[in-house]
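Every number here is computed from the coordinates shown, using simple stated rules; none is lab data. Note that the coordinates shown come from a computational prediction; the quantities given were computed from them, not determined experimentally. Note: ideal-geometry Cβ built from the backbone for every residue, glycine included; neighbour counts use all protein chains shown.
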Amino acid sequence: MSYDISSLGNALLDTQFMVDYDFLEEFGLEANSMVLVSAEDQKPILEKLLTLKNESVSDCGGSATNSLVAASNFGSRCHHVCRVADDEDGRFYIKSLKNAGVHHIGIEDNEAGLPTGRCLILVTPDAKRTMISMLGISEFLGENDIDLDVVGSSKIFYIEGYMVTSDDNFNAVIKVLDYLKDKKVIKALSLADAGLVQIFKERFKKIESYGLDMIFCNDDEAIAFAGADSIESAINFYKQKDYLTAVTRGADGSTVINNGSLVNAPAEDIKPIDTNGAGDMFAGSFMHAYLNGHNLQECSSFANFASSLVVTNFGPRIPKESYAKILNKLKKS
């Protein structure tokens, strides 16, 4: 079976909580950031969250997963290479992925003794999200877990930026990129997190060297990858690149840079509740529209609208019935 989008990314059970800034301060967490921790370090944070009995929601997560779930619900055929353990979280994750219509390679591993990855997402009243990620068995997703024939027959290969944090994950990405050198598969990359880009800049540049076709990022990530001091100078950097760069800009909408030209799409007029998953929704929506022959202005406006519905909802998902509403907007564009 051929796919529209194949992806390589972390399989994390996302559990999201509403918290206040006092909670972040108690655990030394910076708002709107992402940290990688061990299962032992994550455990006391989760235990404290459960005692608070604040509003929470859980679903299959990880950046690439969120994008594929969006694209699948719009009608794209999606395949995800991921790795979970044979535990309660892993079984929940795979069931949730199947319910979203995403095909998968999920390796259940009983020998490593590591749990399925989990991400605690803390959302403050100002809609900022702070992520505490424990990769678990997903850290060891490697070269032997990939069906290269599936990836090679897909229209887009989408790389989650978090794949640079683990040697096994990164080597798996490089193996696929080596395999795709002579194949007409669109190669897309999410920059994932500005701090991550700064720490693993050499690995991101290595991925770029394989001839990317698309990069998805927000303002801060765009600036970090460009080594710039402002979004304006970062945009000038991307104007010189051969690939398309889609930058989400919050209240300023989005900017797509392609062949030296800019396509700006305004943001929807909304009151944000939770920004978690907005960038992932943008990428999944944009890729779906792009594969269906829409121009860049239409792709951007569609992705902005889809992202706005995520931002006004608690959690990285929107109700299934909302996808038809969003698709109707694309058809009218």
* Each label point is 7 Å from the Cα along the Cα-to-Cβ direction; what then is the distance between the points at Ile174 and Asp41, in nm? -> 2.5 nm
* Asked: Which aspartates and glutamates have a Cα less than 18 Å from the Cα of Lys181, not counting those fewer than 8 places away in the same chain?
  -> Glu143, Asp147, Asp149, Glu208, Asp213, Asp242
* Structure fact -> Candidate cut points under GluC sites (Glu not before Pro) in the stretch 134-207, DSSP loop plus at most 11 other Cβ atoms within 10 Å of their own Cβ, are none
* Net charge contributed by nearby residues that have their C-beta within less than 15 Å of Ile231 (K/R +1, D/E -1) -> -4
* Span from the the stretch 283-333 Cα centroid across to the the stretch 99-178 one, whole angstrom -> 23 Å
* Structure fact -> Across Ala246, Ala226, Ala188, the residue with the highest GNM fluctuation in the chain (Cα network, 10 Å cutoff) is Ala226
* **Cross-link table Lys53/Lys95; Lys128/Lys241; Lys271/Lys325; Lys95/Lys325, entries beyond 28 Å C-alpha to C-alpha** => Lys128/Lys241
* Asked: Going by how many other beta carbons lie within 10 Å of each one, how would you line up Glu40, Glu298, fewest first?
  -> Glu40, Glu298
* Return a whole-number percent for the relative contact order of the stretch 5-332, with Cα pairs under 8 Å and 6 or more residues apart as the contact set. => 17 percent
* Asked: How would you rank Ser7, Ser56, Ser209, Ser154, going from fewest to most other Cβ atoms within 10 Å of each one's own Cβ?
  -> Ser209, Ser56, Ser154, Ser7
* Could you give the alpha-carbon Rg of the stretch 199-333 over 2.2 N^0.38 Å, rounded to two decimals? -> 1.05
* Structure fact -> Listing Phe282, Phe74 by rising number of other beta-carbon atoms within 10 angstrom, fewest first, gives Phe74, Phe282
